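See below for the structure under consideration.
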Ligand code: ADP
Ligand code: MG
C-alpha cells in the first residue's frame, strides 16, 4: 500500500516520531515525580496532503483501515480518535486546519508498552506543523498529544510518553520532572545499550490495578500532609502509615531517589543496580509484577553482559528492559528469549528491532 494508491496523489509532507521505553522512574509520574525514558529505533511515519473534498481521510497501513470524517460527524473511535483529537485541539487553540489526507505507517508495535499511541500523536502533530508552518514547539506538541489521548481517545495518561516521543532520541535518556516539566537530555551510561523483551503476558489487570495504586498513593500523600508523594524524599517518613500504604509510598519515594541518583551520571554498573532495585521495589512494595516478569527479569539479571533489568511500564504483564554492554544487545536478547520461552511463555524481542 502507499499514499499514492490510497489518495491518488502524492504527499505534501511527512514526519516521524519514535516509540519509547522507560529506563527508571515507574509509577512516579502520577505522583508528580521523575522519569527517565529513552526513544527506541522504531517509529511512526505520518504523510499528509490536502483533502480535495470536505472530509478528513485517515488511513493506517498497519491496520489497513480508513476513516473518513466530515464536519457533521462525531469523534471517531479507534486509531482515528488520536489523529482527530490532535486536529481538534489545534483548531481550539486558534489554528486554521484544512481538511487533510493522513497516511500512517509504523514500526512501533501497538499495545506493547512502547508507546505507539504517543508516536502516532507526535508524528501527526509534527507533520501538520510542517505542512502549515505552525508556531508550536516540541513541548507544546507533547502537551497537545497528551490532551488528545485523554479527551479524544479516552485514555488517562501522564505526560511522559509524549515528552519522550517529542524530545528524546535513541542515544540519550530524557530526565523529566513531571511536575515542573523541567527536563534534561543526558547521555547513556558509558558502554551500555538497551534490550527490551515483551513477556507475552497481556496486561489484563493493568487498568484496575493502576487505578488502585493511584488511589493508594493519593491517600498516603493526604495522610502525610503533602500535595504528592514527590514532596517526600526520606522513605522513613512513611513509618506511621498503615503497612500497605507504607510500602506503596516507599516504592514511589525510593524510585524518585533512584532517578535523581541516575541523573548525576552514574556508571553502567551502578545504573544496572538501580534498575534491579527498581524491579525489587515494584515487585515487593508496589506489587505490580507477575511471575512471568519476575522470571524474565531473573534470567536477564543472571546473563553475562547485563548490568541490570526490570519490568517497564505499568506492570501486570507487558515488557522488561535491561541495560547491557554495548554491542551485545542482539546476542543477549536472543539468548535470554530462548531461555525464557523454555519456561512455557511466548515472549518476543522488542529492542533491538
Ligand atoms: P501503546 O501506546 O503502549 O502502544 P496504547 O494502547 O496506548 O498502547 O496505544 C495503541 C493504540 O494506538 C492502537 O490500538 C491504535 O488505536 C493507536 N495506534 C498506534 N499506532 C498506530 C498505527 N500505526 N496505526 C493505527 N493506529 C495506531
Ligand atoms: Mg500508549
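The values are calculated or read from the model by the stated rules, or taken from the named source; none is laboratory data. Fair warning: this is a prediction, and the values are worked out from it, not measured in the lab. Using ideal geometry, Cβ is built from the backbone for each residue, glycine included, and neighbour counts are taken over all protein chains shown.
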Going through 90, 48, 114, 134 one at a time, which residue ends up being more than 14 Å from ligand 2 (Cβ to nearest atom), touching a residue at least 12 places away in the same chain (Cβ under 8 Å) and part of a loop (DSSP other than H, G, I, E, B)? 134
When the range 14-41 is examined, which residues are found to be farther than 18 Å from residue 311 by Cβ and out of contact with any helix residue (DSSP H, G or I) (no Cβ under 8 Å at 6 or more places or on another chain)? 41
Can you name the residue in the range 291-339 that is assigned to a loop (DSSP other than H, G, I, E, B) and within 21 Å of the chain's Cα centre (by Cα) and, of all such residues, is surrounded by the most Cβ atoms within 10 Å (Cβ to Cβ)? 315
Return the residues of the range 200-225 that are surrounded by 16 or more Cβ atoms within 10 Å (Cβ to Cβ) and closer than 22 Å to residue 156 by Cβ; say none if nothing qualifies. 203, 206, 209, 210, 213, 216, 217, 219, 220, 221
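Step by step: first the residues of the range 55-70, then only those that are in a loop (DSSP other than H, G, I, E, B) and over 23 Å from residue 129 (Cβ atoms), then the one that is nearest to ligand 2 (Cβ to nearest atom). Which residue is that?
Only one residue fits best here, namely 63.
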Please find, within the range 137-158, the residue that is farthest from ligand 1 (Cβ to nearest atom) out of those that are in contact (Cβ under 8 Å) with a residue 40 or more places away in the chain and not in a loop (DSSP other than H, G, I, E, B). 139
What is the residue count in the range 97-142 for residues that are surrounded by fewer than 22 Cβ atoms within 10 Å (Cβ to Cβ) and at pLDDT below 95? 4
